[in-house]
Amino acid sequence: MIHPERIHILTHKPHSRGRYVLYWMQQAQRVSGNHALEYAIRRANDLDLPVVVIFALTDDYPEANERHYAFMLEGIREVGEALEHRGINFVLKKGAPTTVVPALAREAALLVTDRGYLRIQKEWRTAIAEKVSCAVHQVETDVVIPVDQVSQKEEYAARTIRPKVHARLDDYLLPLESTPVKHRSLDLEFAGLYSRNVELILRGLRIDRSVRSVDSCLGGETEARKHLAGFIDNRLHRYAEDRNDPSLKTVSNMSPYLHFGQISPLEIALEVQDAGQQIGQEVYLEELIVRRELSINFVHRNPLYDQYEALPEWARKTLGKHEDDPREYLYDLDTFEAAQTHDPYWNAAQEEMVLTGKMHNYMRMYWGKKILEWSDTPRTAFETTLFLNNKYELDGRDANSFAGVAWCFGKHDRPWKERPVFGTVRYMNANGLKRKFDIESYVQQIKAHS
């Protein structure tokens with residue numbers, strides 16, 4: 001089912017006389033569980049037209065590097081193959097979306113796109129809607145509940161958004177049926193890149209090569225489902241108890257795939273819901289739906305989501321009050337990036353991120369808190385944390401990442417006991433790691449990996 005509230009009419013122009021319905025795939029880089037794709041197919045069937053899918057490959061996406069592009073293109077290769085299997089022409093074009101999408105939309109009866117919540121994604125959609133002559137419909141498919149149906153304002157914390165999410169959950173936690181394609185489009189000819197040769201495409205991009213791709217984590221729908229099945233079969237029953245222990249690896253590994261839209265959060269939620277592991281299920285769905293929707297609410301409602309000014313007033317005030325407090329340790333960006341602090345646990349977390357493109361969520365909280373503690377100012381700490389996160393994490397530059405970094409500085413949290421440097425922002429220390437789990441085992445695992 002495609003709930004009507006997932007659909008947004010960006011331009012109310014009448015349908016043009018075109019050769020096809022064009023779906024501009026951007027955020028939802030998958031074929032299965034994609035409401036925008038299914039909507040495009042259904043509208044094309046109604047109009048007795050084929051569907052064409054375009055993906056615009058720009059080599060200047062903010063802060064993206066070879067690691068991110070390689071993972072994304074592995075998924076794009078699978079998208080092309082899956083669309084061909086359904087009789088749909090996939091056009092991979094190099095260039096800015098604002099250039100290549102309007103060019104292909106000249107012969108489209110309707111342009112359909114998915115929805116993104118970051119600044120650049122919104123700007124692209126606005127610019128393209130203004131350029132094209134056909135109607136533009138946006139279909140929200142990378143959240144369980146559409147962002148505007150959850151809340152009309154920026155939410156303060158998980159406790160304020162949780163009841164709003166649960167009030168609408170049953171309306172949206174419904175499977176999406178695949179739509180048969182009435183008219184195939186494989187015979188239509190378009191110039192574009194050959195999507196199956198990832199290495200060739202990568203070599204042709206003018207991108208940052210300083211961060212290499214990760215062989216241990218491959219992109220694509222198939223890999224996403226493999227990780228999900230392994231999590232449900234082997235780790236979901238332990239998730240509630242062990243999720244915060246980085247040495248046990250009880251995580252789902254879904255965040256990179258969610259970031260690139262290579263798997264639907266709705267599909268994950270339904271699979272976890274059907275698994276029958278009641279306690280683990282509830283805790284995981286809290287993270288997947290409530291916490292993720294809170295992050296998306298943050299970047300959607302707060303235009304300063306990637307800036308220090310996005311922090312709540314109380315946090316900026318208390319951090320400012322303690323800005324001149326003496327720091328026992330003080331490090332610059334280069335030292336942080338090289339994982340050369342005095343703290344072996346922090347260093348291990350940094351090394352895990354650099355080596356694998358991922359960091360255990362509990363360690364990411366500790367990692368961010370310590371950058372705050374060991375930087376000369378809270379603003380510098382914020383900028384360092386966001387820079388490193390976005391550079392090395394496969395899920396960097398994501399709503400969850402922006403919210404997670406901001407959380408380390410007080411966002412979506414409350415004031416705690418006042419202390420030096422942190423003021424009333426929540427504090428974390430190494431003794432807490434030792435008390436909660438076998439942190440030495442985690443360090444040894446990272447050393448073995450390197």
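Annotations for the structure displayed:
- Failed condition for Ala44, given (1) out of contact with any Pro (no Cβ under 8 Å at 6 or more places or on another chain); (2) surrounded by 22 or more Cβ atoms within 10 Å (Cβ to Cβ); (3) outside any loop (DSSP other than H, G, I, E, B): (1)
- Which listed residue is buried (at least 16 other Cβ atoms within 10 Å of the Cβ), within 22 Å of Val147 (Cβ to Cβ) and among the hydroxyl-bearing types (Ser, Thr, Tyr), from Ser213, Ser247, Ser255: Ser255
- Tyr239 fulfils the conditions (1) over 16 Å from the mean Cα position of the chain (by Cα); (2) surrounded by fewer than 20 Cβ atoms within 10 Å (Cβ to Cβ) except for a single criterion, (2).
- Qualifying positions in region 193-215 - under 21 Å from the mean Cα position of the chain (by Cα) and closer than 26 Å to His449 by Cα: Asp208, Val211, Arg212, Ser213, Val214, Asp215
- Count of residues meeting criterion [over 28 Å from Gln273 (Cβ atoms), polar (S, T, N, Q) and at pLDDT 95 or above] in region 152-205: 1
- Failed condition for Ala310, given (1) in contact with a Leu (Cβ under 7 Å, 6 or more places away or on another chain); (2) closer than 28 Å to Arg30 by Cβ: (2)
- Any hit, region 352-362, residues being modelled with pLDDT of 95 or more and more than 20 Å from the chain's Cα centre (by Cα): no
- Residue among Val132, Val147 that alone is in the same structural domain as Leu270 (by TED's automatic domain parsing), among the hydrophobic types (A, V, I, L, M, F, W, C) and at pLDDT 95 or above: Val147
- Among the residues of region 179-189, not a single one is in contact with a Cys (Cβ under 8 Å, 6 or more places away or on another chain) and either under 27 Å from Ile263 (Cβ atoms) or surrounded by 19 or more Cβ atoms within 10 Å (Cβ to Cβ) (or both).
- Residue in region 9-23 that is in contact (Cβ under 8 Å) with a residue 60 or more places away in the chain and under 22 Å from the mean Cα position of the chain (by Cα) present: yes
- Condition check for Val181: hydrophobic (A, V, I, L, M, F, W, C) and under 20 Å from the mean Cα position of the chain (by Cα): no
- Residues in region 423-448 that are touching a residue at least 40 places away in the same chain (Cβ under 8 Å), assigned to a loop (DSSP other than H, G, I, E, B) and among the polar types (S, T, N, Q): Thr424 only.
- Close pairs from region 64-93: first of a type in the set (Ser, Thr, Tyr), partner surrounded by fewer than 22 Cβ atoms within 10 Å (Cβ to Cβ), Cβ under 7 Å, at least 6 apart: Tyr69/Leu202; Tyr69/Leu205; Tyr69/Ile207
The values are calculated or read from the model by the stated rules, or taken from the named source; none is laboratory data. Remember, predicted model here, so these are calculated numbers, not experimental data. Note that each Cβ is placed from the backbone with ideal geometry, even for glycine, and that neighbours are counted across all protein chains shown.
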